[in-house]
Amino acid sequence: VFGLTLVLLYTMSTLYHSFPQPRVKAVFKVLDHVSIYLLIAGTYTPLMLVSIRDSGGLVILGVVWALAFVGILSELFLRGKVVKVGQLVIYLAMGWACAFQMDAINAALPEAGFRWLFIGGIAYTTGVLFYVLDKMNRLNHAHGIWHFFVMTGSIAHFIAVIAYVR
């Protein structure tokens, strides 16, 4: 699940950034944003099902997938600035829902795996600052910096899942 959602996200992001035609770009923008929800939930899936394997992990996994579903529906059917802020809040809530299972995650993963997971979360969260600055046109190259943090988060989570989730 993690690998598929990671490939899906980068495929949709590449397509979104590749087409200059407004209608085509708009379709891939929605698919790109939908893929973000799927990747966040897809990152939780192996961690909660393979490493944690308890009722608390399953609850977190269910909540994260439910939030992904709500976010995807909002992406498909709602528009407006307030909606975009709400979607950003959903992304962050999904990403940091693991805080409720932090002790279990720390116990289930080797120290290095936990560190990679944490580094990825910090990278994604820091990237949000640049995403917001980009949307507000407050910083030159903020969009590129945002993508740097996204790639850093993806690499860190890839290492955590591939090397340490058992």
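The values are calculated or read from the model by the stated rules, or taken from the named source; none is laboratory data. Values in this document were obtained by computation on a predicted structure and should not be read as measured data. For neighbour counting, all protein chains shown are included, and Cβ atoms are generated from backbone atoms with ideal geometry for every residue, glycine included.
Please go through the stretch 117-141 and pick out each residue that is more than 18 Å from S154 (Cα to Cα) and either loosely packed, with under 15 Cβ neighbours inside 10 Å or not acidic (D, E) (or both). Within the stretch 117-141, V132, L133, K135, M136, N137, R138, L139, N140, H141 qualify. Among the residues that make up the stretch 43-56, is at least one of them among the small types (G, A, S) and closer than 22 Å to H157 by Cα? Yes, that holds for at least one residue.
Every test in (1) at pLDDT below 95; (2) outside any helix (DSSP H, G or I) is passed by N140 save one, and that test is (1).
Taken as a whole, the stretch 43-53 holds at least one residue that is outside any helix (DSSP H, G or I) and either of a type in the set (V, I, T) or surrounded by fewer than 17 Cβ atoms within 10 Å (Cβ to Cβ) (or both).
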